[in-house]
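One structure below.
A short reminder: the numbers here are calculations on the coordinates, not readings from a lab. As the structure is a computational prediction, the values presented were derived from the model and not from experiment. Note that we place each Cβ from the backbone using ideal geometry, even for glycine, and neighbour counts take in every protein chain shown.
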Ligand code: HEM
């Protein structure tokens, strides 16, 4: 049995995962987690652009260290064996004459968007699932539909079909959507190109900046009902049978008020990646492990969310949680593998296509 600090453990696992899947980390020495964490922690201060070496010292030098590591990575041409995403970005950057330093800066931004929201959202998603024994039992039953036990080269292996979430795990998918509704609080920011009148009432003047914080509509009782502040893992499941007009209207308003990945031209391009990564991660931990409070008080207890920081889209926990984690007896020595070759129903993949799961 291992004692762990949950949020810290998730951060280091998913940061390593993001590095190895995108940049083929095992071949390169790219950003140290500590430098990256320093940058992320004090990002708000560096954004002020006032004496950064004084007021945002950690973030400033953290970013410089990450930049330097990325420069070495690109100078050595290691991007040629990276994922298609990273390769494509490097080709475009070089085509438009960006220097190694510029590419490295762009890549910090990429790394930032790929990791910063995924880590806290995985933390909350896992915490919601394992903190409720009844929900955990139901989720395990769903996950059992997408795992197969087999012997591969003499090794006892559990293979998870990660293309099966939408069809076989509707409750898990709905719980993910609900997690994002409660802890996501990003702002889509847009510039008004020309004077535009909305609803014959509101004039948006050209040149002004509009911010659309998702947290406002995500938490509105008018949209979600009296239990808007409560985690309801079934909220995003489509009910069976024909819905009456009022229920359909309510769904419509909820669809319009739900945008954890932004929208329009800048809709998060990483949302499918995030969905698959977070679902696989949480499904494996919920199904294959027992997680409880380290102080022996039983099921995991959720901490309060911390205040939102400028530049981040998902709230972190106010305090970290000490947990005990052990493999479930029946999966004591198995190796976990993931089947990725099936056909994914991209249309119904997470968010934006709200309520796509059959109950
Ligand atoms: C749970 C995880 C994630 C959340 C909640 C999230 C959320 C968002 C939001 C709200 C935006 C701004 C959209 C807008 O302005 O309307 C965005 C943009 C972006 N995200 Fe994500 N994201 C996540 C994961 C990822 C991942 C894993 C990647 C990459 C692998 C990624 C890459 C990007 C990029 C490149 C943009 C900028 C798009 C643009 O400006 O056109 N995101 N994300």
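Shape annotation for the chain: C-alpha extents along the principal axes are 63, 52, 43 Å, from largest to smallest. Sorted fewest first by neighbouring Cβ atoms within 10 angstrom, 180, 135 come out as 135, 180.
Take every DSSP beta bridge whose two residues both sit in the range 118-358; close to 75 percent of them are antiparallel. What shape does the range 126-277 have by the C-alpha gyration tensor, where a ≥ b ≥ c are the square roots of the eigenvalues, rounded means a/c under 1.5, and otherwise prolate means a/b greater than b/c and oblate the rest? Prolate shape, in that a/c is at least 1.5 and a/b is the bigger ratio. Globularity index of the range 22-116 is 1.08 (Cα radius of gyration / 2.2 N^0.38 Å, N = number of residues). For residue 68 and residue 332, the difference between the fully extended length at 0.36 nm per residue and the C-alpha to C-alpha distance is 90.9 nm. Per-residue packing, averaged as other Cβ atoms within 10 Å, sorts the ranges 299-307, 8-16, 163-171 into the order 163-171, 8-16, 299-307, beginning with the highest. Taking the fewest neighbouring Cβ atoms within 10 Å as the starting point, the ordered list for 310, 293 is 310, 293. Ranked by the mean number of other Cβ atoms within 10 Å per residue, highest first, peptides 85-97, 268-280, 50-62 order as 268-280, 50-62, 85-97. In the chain, the DSSP-assigned H stretches of four residues or longer account for a calculated mean residue ellipticity at 222 nm of -14000 deg cm²/dmol, using -39500 (n - 2.57) per stretch and the full residue count as denominator.
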